[in-house]
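Here is the structure we will look at, set down as structure tokens.
The values are calculated or read from the model by the stated rules, or taken from the named source; none is laboratory data. Predicted model only: the values in this text are computed from it and were never measured. Note: ideal-geometry Cβ built from the backbone for every residue, glycine included; neighbour counts use all protein chains shown. All accessible areas refer to the heavy atoms of the entire protein, side chains included, with ligands and DNA or RNA removed. Shrake-Rupley method; radii C 1.70, N 1.55, O 1.52, S 1.80 Å.
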Amino acid sequence: MFRNQFLLACRKKNVLFTIGFLFLFCIGYYCFIANLALKQTDFSHVAAPQCVFILSEETGLLTPVYLEMLFPFLALLPFSFSYLNDRKLGVTDVYISNGGIRKYYIAKQCACFAVTFLVFFIPIFIHLVQVYLTFPADGAIITELMMEEISYSHFLNTSGTDTGSGLRALLLQLLVQHPFLYDLFYTVLYSAYAGLVGMFGLSISYLLKPKHQLLLFLPYLILSRAAERILPCILSYVSPGGVVAGLNDAYALFGIWLLFLAAVILVLNIKKIRSDQLK
């Protein structure tokens, strides 16, 4: 059942459009940054790979802001509408009769996570390899799209604590000693979070069943905006310069946010499976 759902999803226009859009977004951003680097007359002002990584906040927050705005739409677009499409086409009963109710919903959720994860991971991973191959490993830590050198008021010491505020960075040794692995880890985390949001949208579709599919974006948008009032930053990136975004309990709060999304997904799926079993 999972294999069929996954292969079916890979041929969907929504998946092809989303991964194509992210590819173009990453390529366009890389070309823009590379063009700026080529115009630098002082080699010492060329940024390090971490500073031009598309998920990094070192570029004056330009790209992260755009990605943040598009993220809910890109995360739900690949597979979160699949249940509504199955109902519209009248194939839900066919799938259930072949594999059973429980297997149908579990396979659909797993396929949603896997497809959404890959849609985000593949373009960003290719971009990550690209910037590490072309930008100097000993490049400068600069911001504002490589137009001015960075000046941080707080830096991390060797214990991973911000000397100005006492905040702590997660995975400091990996960040300092193996920046590529750190960015790869963050890419996996970012893609997995997108997969979780996709599952959330799919689960909401059991409950709302809106006439216009675009309305499925609203629940996550409203909840995430409300959560940002208590969370320092949802899925924050610790910069190579060492500035820690958030409070001491930022990671714990983010963990609670993840548990909340997972709980909603679990409850809605259990409720849907039981209601279908009673029909």
What does the charge count near SER82 come to, summing +1 for each Lys or Arg and -1 for each Asp or Glu among other residues with Cβ under 11 Å from its Cβ?
+3
Taking amide H positions as placed in the peptide plane 1.01 Å from N, state which residues far from ALA47 in sequence (5 or more) or on other chains have amide H under 5 Å from it.
ALA140
Ordered by residue, what ³J(HN,Hα) values in Hz, to whole numbers, does region 258-266 give under the Karplus form 6.51 cos²θ - 1.76 cosθ + 1.60, where θ = phi - 60° and Gly and Pro are x?
5, 5, 4, 4, 4, 5, 4, 4, 4
Most to least accessible of LEU202, LEU207 (protein chains only, probe 1.4 Å)
LEU207, LEU202
Top to bottom by accessible area (1.4 Å), largest first, where do LEU184, LEU175 land?
LEU184, LEU175
Please give the FRET efficiency for PHE260 paired with PHE73, using the beta carbon to beta carbon distance and R0 = 22 Å, rounded to the nearest 0.05.
0.55
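Can you sort TYR182, TYR132 by 1.4 Å-probe accessible area, starting with the largest?
So, going from the largest accessible area down, we get TYR132, TYR182.
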Per the 1/(1 + (r/R0)^6) rule, R0 = 35 Å and r from the Cβ atoms of ALA252 and LEU208, FRET efficiency to 0.05 is 0.70
Calc'd 3J(HN,Hα), region 192-201, phi into Karplus 6.51 cos²θ - 1.76 cosθ + 1.60 (θ = phi - 60°), Hz, glycine/Pro = x, comes to 5, 5, 4, x, 5, 5, x, 5, 4, x
At what distance in nm do the modelled label points of SER275 and GLN177 sit from each other, each positioned 7 Å from its Cα along Cα→Cβ?
5.2 nm
By how many nm would the segment from ARG3 to ILE27 lengthen if fully extended, with 0.36 nm per residue of separation less the alpha-carbon distance?
5.6 nm
Just read off the accessible area of VAL15 with the full protein assembly in place, 1.4 Å probe, to the nearest 10 Å².
10 Å²
Please give the contour-minus-distance gain from LEU223 to THR134: 0.36 nm per residue of separation, less the Cα-Cα distance, rounded to one decimal in nm.
28.1 nm
Diffing region 18-32: the Karplus 3J(HN,Hα) column from phi (6.51, -1.76, 1.60, θ = phi - 60°), in whole Hz with x for Gly and Pro, holds 5, 5, x, 4, 5, 4, 5, 4, 5, 5, x, 5, 4, 4, 5
Any chance you could look up the accessible area of LYS272 with a 1.4 Å probe, heavy atoms only, rounded to 10 Å²?
20 Å²
